[in-house]
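Remarks on the structure that follows.
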Amino acid sequence: MNFLKIMFIVVSMLSVINAHKNTSYNHDSQAVAHNPKWMQNLDDELKLSELSLPGTHDTMALYESRSGSKAQTQSMLLLEQLNSGIRVLDVRPKYKSKNPSFFEVIIFNAPSKFKNEFPIYHGLIFQKTYFNDVLETVTEFLRKNPSETILMKIHKEGNSRDEDFVRTFNKYQLQYDKYFWKGNNIWHINDNPRLKETRGKIVILREFARSNFGIHYDTRYGDFSILNFYNLNSKNDLFHKWDEAKAHLLEASSANKNKFYVTNIVGSGDVSPYFVASGHVNPDTNARRRSSSYNEDQSVQYPNFPMKDGKILYEGLNTLIANFIQNKNKRIGIIFADFPGRKLIKNIINNN
């Protein structure tokens, strides 16, 4: 056996030894669990704001640009997410009246010609699917699982005119009309339906202007408390992000249950979404954790983070949150995650 083969075996063994195997994070494409009907035993009288719901941030963002961009936030296809138990989606259509430029085709995954006016994007990156594809998958899932409710946050991507975006959205809303929950009054003031009203339906969380459809996703009207804090300037911002998320979940567990609580346990900026979710050195599901610049003298400040060789290791928010909410048995609201794994999804569901 030559030297290179020996080294390959040694490196492979070390990778296995150092692997971080925690089922709260998943970067593979298969469904991580089988929870297609988990809402069927919930009390019909519960309001949506009283539920604990697993969600995916930038639900359809499975693709990077050809140049690399930190755009990918999910690895499971939409149907696999739904079957795994995800019940809140973050969908980002962009109104496109013209075909893409040559530059968009070369760099940002765009096709030479769009199939329709509502492609799905993450920022500048076309995600190789369209809004009607999303609706087809979700409505087919609801046909098979009428006990379930899907909350769908619609975020207007891009800088098109609001009127064009709303007109295009309304076209699809009418096409799939029977699957949408339509609310109790024309202005949708304080809309917070009970589960019996929304089973088998899509409830729109509206993050675009010039429309009254669905529930207005906005903190200014007092019905939502939303933790965002997306931008991390360095890897060490992960420690601060954990403190923010933990505090928001604690507030959600004791606050007025008529108010929606939404905790985004995601981040990007100078770090990749997979790192915030996992703390790993690379995106692989079982990759090892990355070492931080902090040593054991600072471990009292960060008791939830593991130690190795005198260094604090980064821990992913998916793992930290899954452990924090385990056996709490309290309302924690909506949690939007990147690359959620089985344990995270299960622990959110179990808080109902």
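Values quoted throughout were computed directly from the atomic coordinates according to the rules given, and no laboratory measurement underlies them. Everything quoted here is computed from the prediction, not taken from an experiment. Don't worry about glycine lacking a Cβ; one is built from the backbone with ideal geometry, like all the others, and counts go over all protein chains shown.
Is any residue of region 137-153 close enough, with backbone N under 14 Å, to a label point placed 7 angstrom from the Cα of LEU46 along the Cα-Cβ axis, and if so, which?
Of the residues in region 137-153, 147-151 have backbone N under 14 Å from the label point off LEU46.
Mind giving me the nanometre distance, one decimal, between the label points for LYS308 and ALA255, set 7 Å out from Cα along Cα→Cβ?
Once both label points are built, they end up 3.6 nm from each other.
Nearest 5 is fine: what % of DSSP beta bridges in the chain come out antiparallel, could you say?
Expressed as a percentage, antiparallel bridges in the chain total about 30.
Within region 263-289, what residues put their amide N at less than 15 Å from the label point 7 Å along the Cα-to-Cβ vector of THR219?
Output list for this probe position: 263-266.
Among HIS122, HIS155, HIS27, which comes first, then next, by fewest other beta-carbon atoms within 10 Å?
Exposure proxy ranking, most exposed first: HIS155, HIS27, HIS122.
Return the single residue from ASN83, ASN318, ASN282 with maximal mean-square fluctuation; model: Gaussian network over the chain, springs between Cα atoms under 10 Å.
ASN282
Under a plain spin-label model, where a point goes 7 Å from the Cα along Cα-to-Cβ, how far apart in nm are HIS155 and ILE106?
About 2.9 nm separates the two model spin labels.
Suppose we keep just the DSSP beta bridges with both residues in region 186-345; what percent of those would be antiparallel, to 5? Intermediate results must be reported in sequence, preceding the final value.
Details: 5 of 16 bridges.
That works out to approximately 30 percent antiparallel.
How long are the three semi-axes of the equivalent ellipsoid for region 140-227, computed from the Cα gyration tensor as the root of 5 times each eigenvalue, in whole Å, largest first?
21, 17, 12
For THR139, what is the net charge nearby, where nearby means another residue's Cβ is under 13 Å from its Cβ and Lys, Arg count +1, Asp, Glu -1?
Charge balance in the 13 Å sphere: -1.
Evaluate the distance, in nm, between pseudo-label points positioned 7 Å from the Cα of ARG210 and of ARG143 along their respective Cα→Cβ axes.
Placing both labels 7 Å along Cα→Cβ, they lie 3.3 nm apart.
Diagonalise the Cα gyration tensor of region 31-217 and give the resulting equivalent ellipsoid semi-axes, square root of 5 times each eigenvalue, largest first, whole Å.
One finds semi-axes of 29, 20, 13 Å for region 31-217.
Whole-Hz Karplus ³J(HN,Hα) for region 313-319, in order, using 6.51 cos²θ - 1.76 cosθ + 1.60 and θ = phi - 60°, x for Gly and Pro?
Whole-Hz 3J(HN,Hα) from phi for region 313-319: 8, 6, 10, x, 4, 4, 6.
Quick one: Cα centre-to-centre distance for region 65-121 and region 239-306, in angstrom?
Region 65-121 and region 239-306 have Cα centres separated by 26 Å.
So how do TYR25, TYR63, TYR95 line up by other beta-carbon neighbours within 10 Å, fewest first? Walk me through the numbers before you get to the answer.
On the way: TYR25 31, TYR63 18, TYR95 21.
The order, fewest Cβ neighbours first, is TYR63, TYR95, TYR25.
Over 31 Å between Cα atoms: which of LYS113/LYS259; LYS144/LYS346; LYS153/LYS346 fall into that group?
Those over the limit are LYS113/LYS259.
What ranking do GLU315, GLU136 get, fewest neighbouring Cβ atoms within 10 angstrom at the top?
GLU136, GLU315
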